[in-house]
Every structure is written in C-alpha cells, then in structure tokens.
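Everything on this sheet refers to the single structure shown next.
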Amino acid sequence: MNKHLFNLNNLPARTPKPRNIGLTMVMDKGLSLREVEDLLSNTPTLIDLVKLGFGTSVVTPNIEEKINLYHQANIPVYFGGTLFEAYIVRNQFNDYLRLLDKTKITHVEISDGSINLNHNLKCEYIQNLSKNFIVLSEVGSKDAEKIIPPYEWIEQMEKELQAGAWKVIAEARESGTVGIFRNSGEVRSGLIAEIIRKIPIEHIIWEAPQKQQQVWFLKLYGTNVNLGNISPSEVIPLETLRLGLRGDSFDFFYPLI
C-alpha cells in the first residue's frame, strides 16, 4: 500500500502477510506467463493464494514455469479440486502425489463437488495429505440442483477441519451461482448464518467472485474476511472494498462526516 504517498488516516487494519485471516484467494483459469508476471508486478502483497482453476493446469502451456513464478513471489499455488477429483475417479491417487512432488506444490485442495465420494474417505484423504501438505477442503456441490441442508454443511466442515484441513472452502464455483449462492448470485444468508454459528469464520474461505457478494461479506464480517475465487483483474478492486475506498463499502469502516 502506498501509505507514504497518500497518508490517509483511519483505514481499517489489514492483517499482514503471511496471513491466516483476511485471505484473498485468486483463481487463475489459464493466465500466460506474461500475464502472471504482470499480475505479480502489481499485486504480490494483496494475493495470499492462487488456485489453478479446475483442470486448466492440464492444458495450460508452461505450467511448471508458471508455478515457479508464483513460488518465487512467495505466493502458494495449488491445483483446483476438480483435478484432484479427476485423479481419484480414475484410481490414480499415487500419480497425483507424484505430480505434487514434481511441481513442489505445498498446498492441496480436496473436494468432491463433481463426484460422489464417501465423506469418511474424503476425510481420510485430508488426514493423509495433511501430514505433508497444507490442505484446503471444499464443501458443497457444483450441481445447482443439489441443495445441501445447513446441518450437513456444518457437519462436513467440522469433520474436515478435525481431519486436518487448514481451511474449508465454501463452494460457489467461478460463477458464484451455486453452493452458498442461489443461481441468481444472491447470497443464501440463512445458510451462512447457520454455518457461522458453529464454524469459526477464520477457518472458512468464502468463494465470492461477484462484487455484490464480496460487498455482502465485508459489510457483515469485516475487512479481514477470507474471500476466494477472485479474478486476477479484481484483486486491486477487492482491496479497495476491504479498505472502504470504493463507493460500495465507503461507510463500512469509517463513519461518514
């Protein structure tokens, strides 16, 4: 932040990197090496995690060089949970482990949004991988027709955290139209309120790709709420929302005169 230049008082306090709360997780859906270099030249202090979305890594050229660019910027990068599911459904878990070793990946996402995976088995994967990796587990279905009741969200989150997940990710896809959101993008506020009553909010990353969704979370849960599936082009706009430097959040953190 350019504090030395702008000298603007009473901005909300952002947690410093490396953060445990106030995370901004960015979704990379196939950026080129040049685009990654440009992104990192502008926003390295604002990005906490990068997810290589769904199975894009398989078809992205120079993927190892891209991963190295993020690592050189001290930004953890991990493969989307859908890629994990693609290996699991093909009975290739050991091949997945070899991939993690070859790419020197330190963070792993475990999900079951596209496959039917017994929850006890999912927790076994979390427990196993958490011995050597930082695990993020995703809860929720990618199927807009599948409505998971609040008690089931809570039960799954609790068990996955107990199994060793560092954070649980509340599913919304890159569109922000499933899981914790209705297909219109509207927040399922009752569901989120139920989850918050049982799961400490610092343990959750809320996928919130749309601006109005980000605004909703920041208004209710403050500047340091964990948000994910942020587009690379929205990293700086999101940070202005976190600091009340955008009309949508201008009066959230500092009273209007």
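Just wondering, is there one or more residues in region 220-230 that are farther than 29 Å from Ala163 by Cα and polar (S, T, N, Q)? No, there is no match, as no residue in region 220-230 is farther than 29 Å from Ala163 by Cα and polar (S, T, N, Q). The residue that is nearest to Pro150 (Cα to Cα), among those in region 182-220 that are free of Cβ contacts under 8 Å to residues at least 12 places away in the same chain and in a loop (DSSP other than H, G, I, E, B), is Arg188. Summed over region 187-204, residues that are closer than 17 Å to Trp166 by Cα and among the acidic types (Asp, Glu) total 1.
Counting only helices (runs of 4 or more DSSP H) that sit wholly inside region 6-123, those with at least 2 residues that are touching a strand residue (DSSP E or B) at 6+ places or on another chain (Cβ under 7 Å) and either within 26 Å of Leu227 (Cβ to Cβ) or modelled with pLDDT under 95 (or both) are 63-72, 81-89.
The residues of region 29-58 that are surrounded by 15 or more Cβ atoms within 10 Å (Cβ to Cβ), farther than 20 Å from Ile169 by Cα and of a type in the set (A, V, I, L, M, F, W, C), listed by number, are Leu31, Leu33, Val36, Leu39, Leu40. Against the conditions (1) crowded, with 24+ Cβ neighbours inside 10 Å; (2) of a type in the set (D, E, K, R); (3) farther than 26 Å from Gly244 by Cα, Arg197 satisfies every one except (1). Across region 87-103, not a single residue is classified as under 19 Å from His203 (Cβ atoms), of a type outside the set (Phe, Trp, Tyr) and buried (at least 18 other Cβ atoms within 10 Å of the Cβ). Residue count for region 55-83, restricted to those that are of a type in the set (Phe, Trp, Tyr) and free of Cβ contacts under 8 Å to residues at least 40 places away in the same chain: 2.
The values are calculated or read from the model by the stated rules, or taken from the named source; none is laboratory data. Since the structure is predicted, the reported quantities are computational estimates derived from the model, not experimental observations. Counting neighbours? That spans all protein chains shown, and the Cβs are built from the backbone with ideal geometry, glycine included.
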